[in-house]
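The values are calculated or read from the model by the stated rules, or taken from the named source; none is laboratory data. In this text, all values refer to a predicted model and were calculated from it rather than measured experimentally. Here Cβ is always computed from backbone atoms with ideal geometry, including for glycine, and neighbour counts include all displayed protein chains. The area values use the complete protein model at the heavy-atom level, side chains included, leaving out ligands, DNA and RNA. Shrake-Rupley method; radii C 1.70, N 1.55, O 1.52, S 1.80 Å.
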Amino acid sequence: MKHSILILGGTAEARKLAEKLAGDPRFATELSLAGRTRAPAEQPVPVRVGGFGGAEGLAAYIRKKGISILIDATHPYAAQISRNAAEASRLADVPLIALRRSPWQRQAGDRWTEVGSVTEAVEALGSVPRKVFLTLGRQELLPFEAAPRHHYLIRSVDPVEPPLDVPHAVYLTSRGPFAEADEARLLEEHAIEAIVAKNSGGPSSYGKIAAARTLGIEVILVRRPDLPDVPSVETVEDMLAWLAHAPAPPKPSLK
Ligand SMILES: NC(=O)c1ccc[n+]([C@@H]2O[C@H](COP(=O)([O-])OP(=O)(O)OC[C@H]3O[C@@H](n4cnc5c(N)ncnc54)[C@H](OP(=O)(O)O)[C@@H]3O)[C@@H](O)[C@H]2O)c1
């Protein structure tokens with residue numbers, strides 16, 4: 001009997017895991033995306049797109065598709081879907097394992113200001129106009145309209161539409177990974193004085209953090225949300241090791 005795996009994705013790790021599982025005869029793997037990105041990266045396994053309708057909807061989907069392992073490989077700031085996954089795993093009685101990158105740790109030379117929310121990040125920028133690099137999701141940018149005195153450089157995967165109601169904003173659209181040298185060049189080119197970012201962890205968006213350290217630029221980091229306490233691993237390799245020893249899937253009932 002094969003395991004039917006549902007990966008809740010939207011991250012580089014979810015894609016990498018799907019790549020490793022594609023074609024593995026022990027598993028039938030499907031990847032789920034929220035549908036936020038207009039042109040999502042191509043994926044190596046079948047994909048379904050869009051919300052399930054809360055934890056109940058996810059549990060119903062798991063039952064209908066005969067999913068035997070649920071993997072939460074969503075972004076560490078996507079707290080709602082992680083809570084839904086924990087609840088759906090309980091409701092549908094399937095094992096859940098999360099793939100979660102550990103957060104970046106402060107190093108000597110880092111000028112970090114940690115804040116609890118995007119609104120607090122806006123406050124932390126202060127009253128003197130600054131040149132600020134925002135690397136947040138499109139949906140999280142609105143609070144910066146309350147601080148129109150700053151000059152913003154805004155990078156997102158999809159265009160910010162409508163643009164922010166601020167007088168000084170430059171927009172960049174691109175998808176990581178971002179190398180440290182390129183990030184340093186960008187920071188210097190725009191004379192950036194502060195960066196607002198999430199503590200995403202992992203290597204693909206660390207370039208700006210390392211470049212900021214070298215250039216002595218302040219980084220205002222929005223703290224991670226609380227996530228449900230579920231079994232978890234930190235790397236794709238550890239997930240593969242866990243799956244190799246996963247209990248056999250339940251036999252189909254003869255009803
Ligand atoms: N938040 C970030 O900073 C961030 C950064 C990079 C990538 N992402 C990715 O973008 C997606 C959305 O993030 P978010 O912060 O908006 O999520 P969220 O606030 O935790 O979830 C909101 C709702 O979106 C739906 N959803 C989220 N992820 C889904 C998935 N993988 N498959 C199907 N439905 C999903 C669920 O809808 P229903 O309740 O209707 O099922 C969920 O309740 C996630 O897949 C995440 O991995 C997020």
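Figures for the structure shown
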{"read-out": "Residue 123-residue 65 FRET efficiency (beta carbon distance; Förster radius 41 Å; 0.05 resolution)", "value": "0.35"}
{"read-out": "Estimated dipole of the stretch 111-222 in Debye, rounded to 20 [Cβ of Lys and Arg +1, of Asp and Glu -1, Cα centre]", "value": "180 debye"}
{"read-out": "Local net charge near residue 89, Cβ-Cβ under 13 Å (Lys/Arg +1, Asp/Glu -1)", "value": "-2"}
{"read-out": "Straight-distance crosslink candidates among lysines, where the alpha carbon sits under 18 Å from residue 65 and sequence neighbours closer than 8 are dropped", "value": "2, 251, 255"}
{"read-out": "Within the stretch 32-110, trypsin sites (Lys or Arg not before Pro) in DSSP loop having at most 15 other beta-carbon neighbours inside 10 Å", "value": "36, 38, 106"}
{"read-out": "Residue 146 paired with residue 179, simple spin-label distance in nm, labels 7 Å along Cα-to-beta-carbon", "value": "3.9 nm"}
{"read-out": "Distance between modelled label sites at residue 42 and residue 223, nm, 7 Å Cα→Cβ extension", "value": "4.3 nm"}
{"read-out": "Accessible area (Å², 1.4 Å probe, nearest 10) - residue 242", "value": "80 Å²"}
{"read-out": "Amide H contacts under 5 Å for residue 171, placed H, 5+ residues apart", "value": "154"}
{"read-out": "Percent accessible area from carbon and sulfur atoms, the stretch 111-222, protein chains only, probe 1.4 Å", "value": "54 percent"}
{"read-out": "The chain: projected area of the alpha-carbon convex hull, averaged over directions, in nm²", "value": "14.6 nm²"}
{"read-out": "Lys/Arg +1, Asp/Glu -1 at C-beta; the chain dipole; positive extreme among 128, 166, 34", "value": "34"}
{"read-out": "Descending semi-axes in Å of the stretch 111-222, equivalent ellipsoid built from Cα gyration tensor", "value": "19, 16, 14"}
{"read-out": "Percent antiparallel among DSSP beta bridges (both partners in the chain, rounded to 5)", "value": "0 percent"}
{"read-out": "Stretch gain in nm, segment residue 165-residue 246, where the contour uses 0.36 nm per residue and the Cα spacing is subtracted", "value": "24.1 nm"}
{"read-out": "P(r) tail fraction, the stretch 182-255 - alpha-carbon pairs more than 20 Å apart, %", "value": "56 percent"}
{"read-out": "Segment residue 234-residue 130, extension gain: residue separation times 0.36 nm, minus the distance between their alpha carbons", "value": "33.8 nm"}
{"read-out": "Charge dipole (debye, nearest 20) of the stretch 1-133; +1 at Cβ of Lys and Arg, -1 at Cβ of Asp and Glu", "value": "240 debye"}
{"read-out": "Amide H within-cut-off set for residue 113, under 5 Å, with H built and near neighbours excluded", "value": "219, 220, 221"}
{"read-out": "Extreme residue, positive dipole direction of the chain, given options 104, 203, 248 (C-beta unit charges)", "value": "248"}
{"read-out": "Dipole magnitude (debye, nearest 20) for the chain, charges at Cβ of Lys, Arg, Asp, Glu", "value": "800 debye"}
{"read-out": "For the stretch 1-125, alpha-carbon Rg and Dmax in angstrom", "value": "16.8, 56"}
